[in-house]
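The values are calculated or read from the model by the stated rules, or taken from the named source; none is laboratory data. Computed from a prediction, not measured in an experiment: that's the story for all the values here. In this analysis, Cβ positions are derived from the backbone assuming ideal geometry, glycine residues included, and neighbour counts consider all displayed protein chains.
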Amino acid sequence: MKSATNSAALRTPAVAGQFYTANPQALREEVEAYLQRGTRRTARTLLTMAPHAGYMYSGKTAGCAFGSSNLAHTIYLLGPNHTGRGAPISVWSGGDWQTPLGAVPVNTQARDELLASSTFFEADTLAHLDEHSLEVLLPFIQVANPAAKIVPIAIATSNQETLAFVGAVLASALQKNPDSGIVVSSDMSHYISAEEAKKLDTLALSYVQSVDALGLLSAVSRNNISMCGVLPMTAALLACETLGATKAELIEYTNSGVVSGDASQVVGYAGAIIDRP
């Protein structure tokens, strides 16, 4: 287990004022409006997948996904590593995460149990400091479930054995604590036409909907689908498979061209939910 320096440090926002407004009142009002697009489920949510672009592009879809979720109080927050820095499986080892809406506490007990389970999980802050994928989802979590605590994890390895192990450990943790769940941060296809994005993303999402983790990983690789969160989603789906989940509901699919007006170069956005079996 790698030790991280300055382990008590708070994680301050890296993209407030860029991906979303830094004004607390305006941010809360915007997120509340987005969340109202969903209808909260009765069943506890095992997994929520939501996009992480600027709110003007993906905020509605993220809001619909989180507004439709019944979020647990402990959330394993999984996302891709866009910066390439830090550990392959980087578990945030610092303090709480701040947003303009306040601090989101880290569940240190759940985090430490992950770190103690295997050297695959590494205590690390470097992968998270400038990474936007998890930060962008935090205001939605804060408003949807103000009592939630998080375990932030950035995944950069495509090794199937490692992803399978991560999934197995997460499944064990989720089984141990019924009031826990996973949130995966992922956009879909990047910078292709809206028509091609829909075709490729529909294929990828079919494996998400059938909770087929290795099918998703294979389809994305085989078809060169630029789904940035495929690695954390693979690990998360493996955990859900282990717990007996057999289907996910696609909450919404859209693309950036709907906002920009340019259908020639879009990014796809999807929200999906798996209920606890």
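Looking at this structure, is ALA236 assigned to a helix (DSSP H, G or I) and under 21 Å from GLY79 (Cβ atoms)? Judged against the criteria, ALA236 is a match.
One line per residue, one yes/no per condition, for (1) on the phi > 0 side of the Ramachandran plot; (2) in contact with a His (Cβ under 7 Å, 6 or more places away or on another chain):
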| site | (1), (2) |
| --- | --- |
| ILE75 | no, no |
| LEU78 | no, no |
| ASN81 | no, no |
| GLY84 | yes, no |
| SER90 | no, yes |
| THR99 | no, no |
| ASN107 | no, no |
| LEU114 | no, no |
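Scanning segment 88-125 for residues that are touching a residue at least 60 places away in the same chain (Cβ under 8 Å), farther than 17 Å from ALA9 by Cβ, aliphatic (A, V, I, L, M) and in contact with a helix residue (DSSP H, G or I) (Cβ under 9 Å, 6 or more places away or on another chain) gives ILE89, LEU101, ALA110. None of ALA62, ALA123 is at pLDDT 95 or above, buried (at least 17 other Cβ atoms within 10 Å of the Cβ) and assigned to a helix (DSSP H, G or I) except ALA62. Within the set GLN25, GLN36, the sole residue that is without any contact (Cβ under 8 Å) to a residue 40 or more places away in the chain, surrounded by fewer than 22 Cβ atoms within 10 Å (Cβ to Cβ) and either within 17 Å of the chain's Cα centre (by Cα) or within 14 Å of PRO139 (Cβ to Cβ) (or both) turns out to be GLN25. Residues in segment 239-277 that are under 27 Å from SER193 (Cβ atoms), assigned to a helix (DSSP H, G or I) and among the polar types (S, T, N, Q): SER260 only.
Residues in segment 226-277 that are surrounded by fewer than 21 Cβ atoms within 10 Å (Cβ to Cβ), β-branched (Val, Ile, Thr) and over 19 Å from TYR207 (Cβ atoms): 2 in all. Does LEU134 satisfy being of a type outside the set (Gly, Ala, Ser), touching a residue at least 40 places away in the same chain (Cβ under 8 Å) and over 22 Å from ASP179 (Cβ atoms)? No; evaluated as a whole, the condition is false for this residue. Of all residues in segment 42-59, those satisfying the criterion of being of a type outside the set (Ser, Thr, Tyr) and part of a strand (DSSP E or B) are LEU46, LEU47, MET49, ALA50.
The criterion of being in contact with a Lys or Arg (Cβ under 6 Å, 6 or more places away or on another chain) and over 24 Å from THR45 (Cβ atoms) holds for LEU126. Report whether or not LEU77 is within 21 Å of SER117 (Cβ to Cβ) and either not in a strand (DSSP E or B) or not acidic (Asp, Glu) (or both). Spelling it out, LEU77 is indeed within 21 Å of SER117 (Cβ to Cβ) and either not in a strand (DSSP E or B) or not acidic (Asp, Glu) (or both).
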